[in-house]
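For reference, the structure is listed below as structure tokens.
Any read-out appearing in this document is the output of simple, stated calculations on the displayed coordinates, not a laboratory observation. Values in this document were obtained by computation on a predicted structure and should not be read as measured data. A quick note on method: Cβ atoms are made from the backbone with ideal geometry, for glycine too, and the neighbour counts reach across all protein chains shown.
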Amino acid sequence: MNAQHYVLIIEDDPFHRALYTSKLKELGSDIRVLSSENGYAALVALSERTPDLIILDLRMPKFDGVAFLDVVKSKPEYDALPVLVISSAPGDFARVRSAYKNVFMFAKPVRAELFERAVRWGLRLGEPPRAPSTTVESQHSLVDFEHMKLYIGPDRTIQQAVADEFYKLAADRISSLDRLAHNGDLRGVLDFCHAMEGGAEAIGAHEVLGTIESLRAAARAGDDEAVRGHARDFAEVLRRFCVDLAREFSLDAH
């Protein structure tokens with residue numbers, strides 16, 4: 001990076017604002033950081049200078065990230081402006097991804113190396129990279145190729161290996177969670193959520209991440225019935241995701 005690049009951070013949590021600012025400054029002296037604590041303040045900042053990249057939280061008081069996107073992405077001049085959503089509410093990702101262009105989702109906390117790669121990509125390109133020509137992407141596929149390329153990289157062989165491993169383990173994961181939920185093992189359910197979300201994040205399984213978050217909340221609340229219900233939701237969503245994964249990567253049934 002040689003020219004000056006401006007990054008606007010929209011995050012209500014001071015810790016995460018400071019963390020992102022620190023990480024951005026580590027990437028180079030040519031990055032200038034602007035920050036706002038809610039969507040309304042960000043609109044004011046945006047009217048004064050158009051950044052090259054926005055880092056956005058979704059859940060904020062007063063004027064949240066979705067409301068901000070509604071306003072900004074309705075204007076043609078901001079259509080190509082890349083936005084990295086980093087949020088602890090992955091259940092909102094599917095709706096956001098389908099509603100706006102050039103918006104990419106990452107579950108909080110985001111790994112440092114992924115954050116760096118995503119920022120560098122966002123500042124280097126005005127448009128998202130195209131999927132490999134060998135891949136037939138379904139318009140309604142649950143597989144997020146852009147996310148996979150940011151997290152895993154563009155190498156098709158590596159993507160294929162990760163997809164195959166995730167696919168092969170899906171049935172065992174469903175069985176394990178069903179057993180934990182049936183036995184009322186809430187500690188085990190929480191451990192399962194922690195172990196599962198890394199792989200789901202890497203492969204861009206946003207809907208799966210949403211069910212994991214709901215499952216975790218129910219387990220923390222000690223609600224056995226809700227845990228069993230969310231476990232069924234998890235199984236259904238994971239199966240649908242694996243159907244799309246098998247189609248997109250030509251995986252054999254195991």
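Note on Arg95 and Asp79: the extension gain reaches 4.0 nm, defined as 0.36 nm multiplied by sequence separation minus the Cα-Cα distance.
Equivalent ellipsoid of the stretch 156-249: semi-axes from √(5λ) of the C-alpha gyration tensor, largest first, are 25, 12, 11 Å. Protection proxy ranking, highest mean first, for peptides 68-75, 36-43, 201-208, 80-87: 201-208, 80-87, 36-43, 68-75, where packing is the per-residue count of other beta-carbon atoms within 10 Å, averaged. Based on C-alpha pairs under 8 angstrom that are at least 6 apart in sequence, the stretch 9-103 has a relative contact order of 26 percent. Close amide H contacts of Ile55 (hydrogens built in the peptide plane, cut-off under 5 Å, sequence separation of 5 or more or a different chain): Leu8, Ile9, Ile10, Leu84. Once the Cα-Cα distance is subtracted from the 0.36 nm per residue extended length, the Glu165 to Val243 segment shows a gain of 26.7 nm. Excluding same-chain neighbours fewer than eight residues apart, the lysines reachable from Lys73 by a Cα-Cα span under 25 Å are Lys62, Lys101, Lys108, Lys149. Each residue in Thr50, Thr157, Thr211, Thr21 was given a count of other beta-carbon atoms within 10 angstrom of its own, and listing them fewest first yields Thr157, Thr50, Thr21, Thr211. The value of relative contact order for the chain, using C-alpha pairs under 8 Å at least six residues apart, is 16 percent.
Taking only DSSP H segments of four or more residues, each worth -39500 (n - 2.57), what value at 222 nm results for the chain once the sum is divided by all its residues, to the nearest 500 deg cm²/dmol? Before the final figure, lay out the partial values.
On the way: 10 runs with 143 residues, N = 254.
Rounded to the nearest 500, it is -18000 deg cm²/dmol.
Annotation: peptides 181-191, 98-108, ranked by per-residue average of other Cβ atoms within 10 Å with the highest first, follow the order 98-108, 181-191. Note on the stretch 5-128: Cα-only Rg and Dmax are 12.9, 35 Å.
The string of couplings for the stretch 215-223 from the Karplus curve (6.51, -1.76, 1.60, θ = phi - 60°) is 5, 4, 4, 5, 5, 5, 7, x, 9 Hz, one whole number per residue in order, with x for Gly and Pro. Listed options for volume of the Cα convex hull per residue in Å³ are [x] 225; [y] 138; [z] 130. The value calculated from this structure is the one marked [z].
Between Arg187 and Ala3, full extension at 0.36 nm per residue minus the direct alpha carbon distance yields a gain of 61.2 nm.
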